[in-house]
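Some notes on the structure that comes next.
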Amino acid sequence: MALRERLQELHDRGLADIKKGDSLDRINEIRVQLLGKKGPITQALRGLRDVSAEERPKIGSFANQIRDELTAAIEERNQELKKAAINAKLASETLDVTLPGTPVAQGQPHVIQRIIDQLEDMFLGMGYQVVDGPEVEDDHHNFEMMNLPKDHPARDMQDTFYITPEILMRTHTSPNQARAMEAHDFSKGPLKMISPGRVYRRDTDDATHSHQFHQVEGLVIDKHVTMADLKGTLEMVAANLFGDEFDVRLRPSYFPFTEPSVEADITCFNCMGKGCAVCKNTGWIEVLGAGMVHPNVLKMAGVDSSVYGGFAFGLGPDRFAMLKYGVDDIRNFYLNDTRFLTQFYKRG
Amino acid sequence: MKVSMDWLNEYLTLDVDPQTLGEKIERTAVEVDQVYKMSDGMSNLVVGETLSVEPHPDSDHLHICQVDVGEDEPLQIVCGAPNVATGQKVIVALPGAWIAGHHKIKKSKMRGVASNGMLCALQEIGFDEKIAPKAYDEGIYILPADSENGSSVFPILGMDDDIVETDLTPNRGDMNSMNGTAWEVGAIYGKTPKMPTFSLNEDGSRKVSDLLQFSVDETLAPTYKMRIVSGVTIQDSPLWLQKRLWEAGMRPINNIVDVTNYIMLTYGQPLHAFDYDKLSSHHIHVRLAYEGEHLTTLDGEDRKLRDSDMVIADDKHAIALAGTMGGLDTEIDDNTTTIAIESAIFDPIKIRKTARFFNLHSEASMRFERGVNKDDNQNALDHAAALMAELGQGQTEQGTGVGSDTPVEPAKVSVTLTRINHVLGTQLTVGQVQTIFDHLNFPTENDGETFNVTVPARRWDIHIEADLFEEVARLYGYDNIPSTLPYGTMTPGALTFKQRIIRDSRRLLEGAGLNQAISYALTTTAKAEQFMMRDSEPTELAFPMSTDHTTARMNLISGLLDDIAYNVARKQKNVALYEQGRVFYREGDAIRPLEVEHIAAAVTGTLTTKTWHAEADMIDFYGIKGIVDLFLHDMGLSEPVHYEATQAHAQMHPGRTADIYVGDQVVGFVGQVHPEVASDYKIPDTYVFELNLQALIDAPHDQQQYEPISKFPDVTRDIAILVDQSVTNADVVALINKRGGAHLAGVQLFDVYEGVHLPAGKKSLAYTLTYRDRQATLVEADVTKAFDKVTAALEKEFDAEIR
């Protein structure tokens, strides 16, 4: 048989063997057999010296081509077999991915804390400070400086836990207004603050009353702060906490420490204003009280009411949480049932 | 106040539906509780006439009535009312009618006799017990004789009238009257209300000044006047008057008492009617009660008065608790003929205190507390006298007896257009503002900038500029005020260092698996005094509302244990809580407590749940301590933290509690709640810590500095030693660190073993020591040398056996 034909035959038979080879070992065997130093191709190439000088380069190049093709085929077959082996191994490692993951201990912030933090973040972004004040207050800051002298009828509206005739559990966070105004240096710019905290009322605990609850007080005092600014700010609060699809309406109210005084309602989220049991068919839900700081309050805190003025508002995170999440019993906030505490993780 | 639309329409022609009016009042003036008709939810109630009334054969109290309801045939209705009789006009609920309480009337049989409907008492068609006339308390209501059979009873009883019920803020006492409400609604709609008129005929032969003398303390009653109407007949009021009263939620009594109430509803001026002939003298005193003086009030209560209560008295004794409740002795009864009508203005604070003390909050006291209109005081008196004379067929004696009559000057308030717009953020014009004052009927002059406003006495709530801002703002409409945000000098909005640490603290503990709790800060004194970290007196409420909440807490743990108890009682076995908040320490003689920020945790059961794949370990000392370690590490404190065993906390397990030190300051404690205390709380084994967060905030904090990462590899050596049980890990680590040499970078305990394979009283501790040199690769021989020194020291100091 001519050399060329022999090479061609080696090539064809080699490719067929490689294709049939079903293990890495077998392929390696084929490689050694075909392409090794003692293999037929090497042998064949040795026979080149018997070929005419004219034919030699052609046959030589043909032989090299065949060797390269076989080498490539071996490599390819090797890869295929390796891949198959890996796939087979991985297939054997298949898990039930629906089994639960290993639990990681993680606690939740209290729902009221979430609301307070959210409000703090919004107001911090608008350049407000967060101000703390004592929970055990004196009558002077809690009432007198809020334009609620001893015999004021509005004191009926907030029955108080007194400790002594002059010391009490604060009934609102408003005294922090007075404290902040007393401390503020108005030559350094406006006073913009919010003050969240616990407050106490002499109430019997039931589904809608709690002797302990929370308030967030807000106050802005500067040379030109308007009722329009108050309205805009309250709309921001409502949008931030409830979403911007809700309308805000202001209506007249009465607080001794503000004049004019307003109460802010938002569209009832339960019926979107159509009227339902939640909003007592009004389409509105009362969410906070506010107003322009009463000149007496400014005066008592040593602020010149002919130059400075501003607004104040007070809102109840407990009430917000009840409204926002449909919590129907305020006591849930203070009994700390873990099944309650761990509910509040959703973003909306 | 329950405002009748029919009545309001006598003042104003409104042509507006009641719901819209309610909404308008709510947006402009005061809250509106509800808009309703007394007939809401009821139907098919008609006038019937009892043609015959026969006793029921099988009953000792039922009657079989044939009732003409305007149909061809009378209806047979069985009725149990004791006052049913032939020839009465009665309220008939036809078959299919709805009556109060959502009851439907059906044809039925009563003891075998067909009954096709029901004869109704007022209470059965929605009248409150407190407003239905007493005469009909025990039976059905009898309608006027001219009522047309078969016609609806609603118009006859005023039940088809729309009622707008306002909820007044304390400053709007003026709206506690129809007049005041009409002024307000007039201002809202830009209309001038027509005030009530009457004609007073002083047709009596006597002068009041001859009939009565007065001694009035003007500080108690700045205005005190009386008229006398004589020769009256006491009887029921006409239906129109009764309707006015019950629509307003008041009960008709008799013509005289009803007039006082009607006039109060009209003018907001409470009146009181005395039986003139029952006065023991005709000298009327307004004075403070004598301490311990007795007065039997109209409700039959014998009241022991205080020397701060105001009374009306004759020469001998108190005859009324001024402005709050009349006295029984001078009450109008069926035989009364001569009426002394009192129209006064009393000190509102005194009234309030008396009403509060005796729990006598009446329609009258409430109006005195919130203010009455001095300008209408005489009108109210005159109108009352005229009406009593008319309805009682009596005569009004001549003149008014005046005990005091202190004039009230109208408030004059000036405000500029610039200020109004400056405060409201509006761009109102002179014309707009003037129109608002005109609509309010406040006489006002302006010079194009300044408004000089004369405020009528009926609006005693207005006396400063800011009050006028409110009038302008609300009548202009809050909806019309633009929405802006404050502008001006920028201010930084940032949490303080303390606030940041407090926030971070919460995140940290949540990350460690604890849920934030907010417990009650007021607890019992016993619980307030548990788990205390320093000496303190309790801060106790003077008048607590419940025995569970009397004292400001001096620790957070007791509240958390209450929370755990609540959970455990509800079958929640795994509870992990923390709380951040204040405790209240009080020095012996201080009145006000010191408020200190604390943070505490309590864990029972496991932090995670056991699954198919992972065990969940029961919390133990080291579990809770690990959380404290994590927490304190993240606080970045400059001084080292260490723990010392303590038996000083009475509520803690004496062998499983450590005080936590930062440097040499105790900042808290950690450990297991004493099993007896846990059992008192009815909770299982619970591990807790409490930290003085304020102390951690105040402690020095490290400045963060980058520490280059060593290029050279660490070398580690393990050592296991056998030591006496009494030798603590802290002792061993301290010694290793002391003798570890310059390159010792860390000591890590990796095994503790105590048990049967060891000699009694011994334990095995195993540590990994890490050596590091930032400048060069450590030489094996150097490490070995350093390690040998540690080994030797351990052998020497603790008699340790190296294993």
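Can you tell me which of A:Thr208, A:Thr173 is surrounded by fewer than 23 Cβ atoms within 10 Å (Cβ to Cβ) and either among the hydroxyl-bearing types (Ser, Thr, Tyr) or not assigned by TED's automatic domain parsing to the domain that holds A:Lys299 (or both)?
Going through A:Thr208, A:Thr173 in turn, just one is surrounded by fewer than 23 Cβ atoms within 10 Å (Cβ to Cβ) and either among the hydroxyl-bearing types (Ser, Thr, Tyr) or not assigned by TED's automatic domain parsing to the domain that holds A:Lys299 (or both): A:Thr208.
Can you pull out every residue in the range A:325-338 that is of a type outside the set (S, T, N, Q) and either open to solvent by less than 60 Å² (accessible area, probe 1.4 Å) or at the interface with chain B (Cβ under 7 Å from one of its Cβ atoms) (or both)?
A:Gly326, A:Val327, A:Asp329, A:Ile330, A:Phe333, A:Tyr334, A:Leu335, A:Asp337
Can you work out which of the residues in the range B:497-525 that are among the hydroxyl-bearing types (Ser, Thr, Tyr) and within 7 Å of another protein chain (Cβ to nearest Cβ) is most open to solvent (accessible area, probe 1.4 Å)? Walk me through it before giving the result.
The first filter runs over the range B:497-525 and keeps only residues among the hydroxyl-bearing types (Ser, Thr, Tyr), leaving B:505, B:519-520, B:523-525.
Next cut, within 7 Å of another protein chain (Cβ to nearest Cβ) only: B:519-520.
Details: B:Ser519: 2, B:Tyr520: 36 Å².
It comes out as B:Tyr520.
Please name all residue pairs, on different chains or six or more residues apart, with Cβ atoms under 8 Å, provided the first residue is in the range A:296-323 and is within 12 Å of chain B (Cβ to nearest Cβ) and the second residue is assigned to a loop (DSSP other than H, G, I, E, B) and aromatic (Phe, Trp, Tyr).
Listed pairs, sorted by first residue: A:Val297/A:Phe257; A:Leu298/A:Tyr308.
Counting just the residues of the range B:743-759 that are free of Cβ contacts under 8 Å to residues at least 40 places away in the same chain and part of a loop (DSSP other than H, G, I, E, B), which one comes out nearest to the chain's Cα centre (by Cα)?
B:Glu754
Answer yes if at least one residue in the range B:179-201 is under 29 Å from B:His317 (Cα atoms) and either part of a loop (DSSP other than H, G, I, E, B) or without any contact (Cβ under 8 Å) to a residue 24 or more places away in the chain (or both), and no otherwise.
Within the range B:179-201, none of the residues are under 29 Å from B:His317 (Cα atoms) and either part of a loop (DSSP other than H, G, I, E, B) or without any contact (Cβ under 8 Å) to a residue 24 or more places away in the chain (or both).
Just name the residue that is nearest to B:Gly126 (Cα to Cα) out of those in the range B:48-93 that are aliphatic (A, V, I, L, M) and not in a strand (DSSP E or B).
Per the stated criteria, the residue is B:Ala81.
Taking the range A:138-158, which residues are more than 9 Å from every other protein chain (Cβ to nearest Cβ) and either in contact (Cβ under 8 Å) with a residue 12 or more places away in the chain or among the small types (Gly, Ala, Ser) (or both)?
A:Asp139, A:His140, A:His141, A:Asn142, A:Phe143, A:Glu144, A:Met145, A:Met146, A:Asn147, A:Leu148, A:Arg155, A:Gln158
Step by step: first the residues of the range B:395-427, then only those that are under 30 Å from B:Val232 (Cβ atoms) and outside any strand (DSSP E or B), then the one that is nearest to the chain's Cα centre (by Cα). Which residue is that?
B:Thr400
Hey, any hits in the range B:539-548 for a residue that's crowded, with 19+ Cβ neighbours inside 10 Å and within 11 Å of chain A (Cβ to nearest Cβ)?
So the first thing to find is which residues in the range B:539-548 are crowded, with 19+ Cβ neighbours inside 10 Å, and the list is B:539, B:541.
Going one step further and asking which of them are within 11 Å of chain A (Cβ to nearest Cβ), we end up with B:539, B:541.
There is at least one residue in the range B:539-548 that is crowded, with 19+ Cβ neighbours inside 10 Å and within 11 Å of chain A (Cβ to nearest Cβ).
Looking at B:Val628, is it in contact with a helix residue (DSSP H, G or I) (Cβ under 9 Å, 6 or more places away or on another chain) and under 21 Å from B:Met532 (Cβ atoms)?
It is false that B:Val628 is in contact with a helix residue (DSSP H, G or I) (Cβ under 9 Å, 6 or more places away or on another chain) and under 21 Å from B:Met532 (Cβ atoms).
Can you list the strands (runs of 3 or more DSSP E) lying wholly within the range B:626-704 that have 2 or more residues being modelled with pLDDT of 95 or more and within 39 Å of the chain's Cα centre (by Cα)? Spell out the reasoning first.
Working: elements: B:641-645, B:652-662, B:665-673, B:686-692.
Per the criteria, B:665-673, B:686-692.
Hey, can you tell me all the residues within the range B:7-23 that are surrounded by 16 or more Cβ atoms within 10 Å (Cβ to Cβ) and of a type outside the set (A, V, I, L, M, F, W, C)?
B:Tyr11, B:Pro18, B:Gly22, B:Glu23
Among the residues that make up the range B:436-443, is at least one of them surrounded by fewer than 16 Cβ atoms within 10 Å (Cβ to Cβ) and either touching a Pro at 6+ places or on another chain (Cβ under 6 Å) or within 14 Å of chain A (Cβ to nearest Cβ) (or both)?
The answer is no; no qualifying residue exists.
Among the residues in the range A:95-103, are any surrounded by 13 or more Cβ atoms within 10 Å (Cβ to Cβ) and closer than 30 Å to B:Arg507 by Cβ? I'd like the intermediate steps shown before the answer.
Going residue by residue through the range A:95-103, those that are surrounded by 13 or more Cβ atoms within 10 Å (Cβ to Cβ) are A:103.
From the residues that got through so far, the ones that are closer than 30 Å to B:Arg507 by Cβ too are A:103.
Checking the range A:95-103: at least one residue is surrounded by 13 or more Cβ atoms within 10 Å (Cβ to Cβ) and closer than 30 Å to B:Arg507 by Cβ.
Hey, could you check the range A:165-195 for residues that are of a type outside the set (A, V, I, L, M, F, W, C) and at the interface with chain B (Cβ under 10 Å from one of its Cβ atoms) and say which is farthest from A:Ala301 (Cα to Cα)?
Taking the range A:165-195 as the starting set, the residues that turn out to be of a type outside the set (A, V, I, L, M, F, W, C) are A:165-166, A:170-177, A:179, A:182, A:184-185, A:187-190, A:192, A:195.
If we keep only those that are at the interface with chain B (Cβ under 10 Å from one of its Cβ atoms) as well, we get A:165-166, A:188-190, A:192.
Values: A:Pro165: 22, A:Glu166: 19, A:Lys188: 17, A:Gly189: 17, A:Pro190: 15, A:Lys192: 15 Å.
Among those that are of a type outside the set (A, V, I, L, M, F, W, C) and at the interface with chain B (Cβ under 10 Å from one of its Cβ atoms), it is A:Pro165.
Those residues that are at the interface with another protein chain (Cβ under 7 Å from one of its Cβ atoms) and open to solvent by 40 Å² or more (accessible area, probe 1.4 Å), I need them from the range B:573-596; list them, please.
Residues satisfying the conditions are B:Ile591, B:Arg592, B:Glu595.
Based on what the data block shows, is B:Lys350 within 25 Å of B:Thr266 (Cα to Cα), touching a strand residue (DSSP E or B) at 6+ places or on another chain (Cβ under 8 Å) and within 14 Å of another protein chain (Cβ to nearest Cβ)?
yes
Step by step: first the residues of the range A:260-280, then only those that are open to solvent by 20 Å² or more (accessible area, probe 1.4 Å) and within 10 Å of another protein chain (Cβ to nearest Cβ), then the one that is farthest from the chain's Cα centre (by Cα). Which residue is that?
Filtering the range A:260-280 for residues that are open to solvent by 20 Å² or more (accessible area, probe 1.4 Å) and within 10 Å of another protein chain (Cβ to nearest Cβ), the one farthest from the chain's Cα centre (by Cα) comes out as A:Lys280.
In this structure, does B:Glu165 turn out to be over 19 Å from B:Trp240 (Cα atoms), in a loop (DSSP other than H, G, I, E, B) and either open to solvent by less than 20 Å² (accessible area, probe 1.4 Å) or touching a residue at least 12 places away in the same chain (Cβ under 8 Å) (or both)?
no
Just the residues that are more than 10 Å from chain B (Cβ to nearest Cβ) and either among the small types (Gly, Ala, Ser) or closer than 18 Å to A:Pro190 by Cα (or both), please, taken from the range A:222-237.
Matches in the range A:222-237: none.
With the checklist (1) farther than 30 Å from A:Asn296 by Cβ; (2) touching a Pro at 6+ places or on another chain (Cβ under 8 Å); (3) crowded, with 20+ Cβ neighbours inside 10 Å in hand, flag the one item A:Asp117 doesn't pass.
Failed condition: (3).
Taking the conditions exactly as written (within 28 Å of A:Phe333 (Cβ to Cβ) and in the same structural domain as A:Arg331 (by TED's automatic domain parsing)), does A:Asp229 satisfy them or not?
It is false that A:Asp229 is within 28 Å of A:Phe333 (Cβ to Cβ) and in the same structural domain as A:Arg331 (by TED's automatic domain parsing).
Rundown of residues vs (1) open to solvent by less than 60 Å² (accessible area, probe 1.4 Å); (2) outside any helix (DSSP H, G or I); (3) within 14 Å of chain A (Cβ to nearest Cβ), yes/no style:
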| site | (1), (2), (3) |
| --- | --- |
| B:Arg458 | yes, no, no |
| B:Ile462 | yes, yes, yes |
| B:Glu471 | yes, no, yes |
| B:Thr489 | no, yes, yes |
| B:Leu495 | yes, yes, yes |
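In the range B:597-625, which residues are among the aromatic types (Phe, Trp, Tyr), more than 45 Å from the chain's Cα centre (by Cα) and either surrounded by 14 or more Cβ atoms within 10 Å (Cβ to Cβ) or not in a helix (DSSP H, G or I) (or both)?
Correct list: B:Trp612 only.
The values are calculated or read from the model by the stated rules, or taken from the named source; none is laboratory data. Everything numeric in this text was worked out from a predicted model, so none of it was measured. Neighbour counts run over all protein chains shown; Cβ positions are idealised from the backbone, glycine included. To get the accessible areas, we keep the full protein, side chains included, count just its heavy atoms, and leave off ligands, DNA and RNA. Shrake-Rupley method; radii C 1.70, N 1.55, O 1.52, S 1.80 Å.
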